[in-house]
Amino acid sequence: MDVRRISTSELLAAVGGALLALSVFLPWYSASPDNPNANISGMKGMVSPWDAHTILRYLFLAAAAAPVILLYIIIRDHELSWPRGELTAVIGIVAFVLVLYLGVIDRTGEPPSEISLAYGWYVALLGTLLIAVGGSYRASTTERPRKPPGVM
């Protein structure tokens, strides 16, 4: 195990993972207090994705674990059949799109016009962006092994 192998791109992705994991417990949505009918999954006020989404909360925590797994792979110098960081970048991009979708396109709550975004959503968006950037930078610095022609 050699901790000196960790570069700034992996640390950037790990910070993004920590932000994403933290944001799952921060409020993402805020129901308008002026409208008595405004609610988010039956709750009023500010609601975190842990309370609003039953399955997605676990997917966000799994996405937050991806940079930690990348750090473990880098420290232990495991051999992979794909460039290191590539899977972390893909997970970060998917999580980024999912957070963007949940905040902009399909906002949780009724009526949607009375639900606004809270600061936790912005923290999650930043975290997923850091995961994607850190993972993609690490994947771009890893050289792909060349194969002879005709080999898949």
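Rule-based calculations on the coordinates, nothing more; no lab input. Since this is a predicted model, take the numbers as computed values, not measurements. Don't worry about glycine lacking a Cβ; one is built from the backbone with ideal geometry, like all the others, and counts go over all protein chains shown.
Sort I74, I105, I6 by Cβ crowding within 10 Å, fewest neighbours at the top.
Lowest to highest Cβ neighbour count: I105, I6, I74.
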Gain in length, L59 to Y101, computed as 0.36 nm per residue apart minus the alpha-carbon separation, to one decimal in nm?
13.7 nm
Computed, not fitted: 222 nm per-residue ellipticity of the chain from DSSP H runs ≥ 4 (each -39500 (n - 2.57)), nearest 500, equal to -17000 deg cm²/dmol
The range 1-45 - convex hull of alpha carbons, volume per residue in Å³:
84
The range 36-86: percent of C-alpha pairs farther apart than 14 Å?
65
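Assuming 0.36 nm per residue, please report the length gained on full extension of the stretch S41 to Y119 beyond their Cα-Cα distance.
Working: separation 78, 0.36 × 78 = 28.08 nm, distance 1.87 nm.
Difference between extended and current length: 26.2 nm.
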What's the angle, to the nearest 10 degrees (0 to 90), between helix 119-141's Cα axis and the longest principal axis of the chain?
10
How about the range 1-97: which chymotrypsin sites (Phe, Trp or Tyr not before Pro) there lie in a loop by DSSP and see at most 14 other Cβ atoms within 10 Å?
F25
Over all Cα pairs of the range 73-128, the Kirkwood radius sets Rh, and Rg/Rh then becomes 1.21
Based on the alpha carbon coordinates of the range 93-152, what radius of gyration and maximum Cα-Cα distance (Dmax) apply, in Å?
18.4, 59
Across the chain, where is the longest run that never hits GluC sites (Glu not before Pro) in a DSSP loop with at most 12 other C-beta atoms within 10 Å?
1-78
Need one number: nm distance between label points at D77 and F25, each 7 Å from Cα along Cα→Cβ, rounded to one decimal.
3.7
In Å³ per residue, the alpha-carbon convex hull of the chain encloses 114
